[in-house]
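Since the structure comes first, as structure tokens, the remarks are kept for the end.
The values are calculated or read from the model by the stated rules, or taken from the named source; none is laboratory data. What you see is a predicted model, and the numbers here were worked out from it, not measured in a lab. Using ideal geometry, Cβ is built from the backbone for each residue, glycine included, and neighbour counts are taken over all protein chains shown.
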């Protein structure tokens, strides 16, 4: 088994090979309120989808994991460059996360515009924003 050069160097010993990251299984919670008054099932589904849509596309997340794995294999050869590359991966991941959250926010705004003709519709939109905020804060 190949030793992780960063783990070995950081601990001064022979650290175990790190396990690949596996995101937690998605959980579905019960709806926090009924669908907006006057909304169609499609609108209610769009509201739920916008707030609960994955913040990470699997392909993009796997790309960051692949880049990280490749970075680890180069550490022994060039530690200084590896540190700079690690920072770049983090910067890229944070920017991608911000873009993804912004996309969810725009989708909620579109759904909210369709349901803003009633107080109940606006309440439903605020609840969806709250769900999105909770997801962002859990990152």
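Of all the criteria given as (1) under 19 Å from residue 139 (Cβ atoms); (2) at pLDDT 50 or above, the one not satisfied by residue 22 is (2).
Note on segment 109-139: among residues that are under 19 Å from the mean Cα position of the chain (by Cα) and not in a helix (DSSP H, G or I), the one that is farthest from residue 60 (Cα to Cα) is 138. Checking 82, 8, 73 one by one, the residue that is modelled with pLDDT under 70, surrounded by 12 or more Cβ atoms within 10 Å (Cβ to Cβ) and not in a loop (DSSP other than H, G, I, E, B) is 8 and no other.
Here segment 85-108 is the region considered, the condition is being under 16 Å from residue 130 (Cα atoms) and surrounded by 14 or more Cβ atoms within 10 Å (Cβ to Cβ), and the residue that is nearest to the chain's Cα centre (by Cα) is 101.
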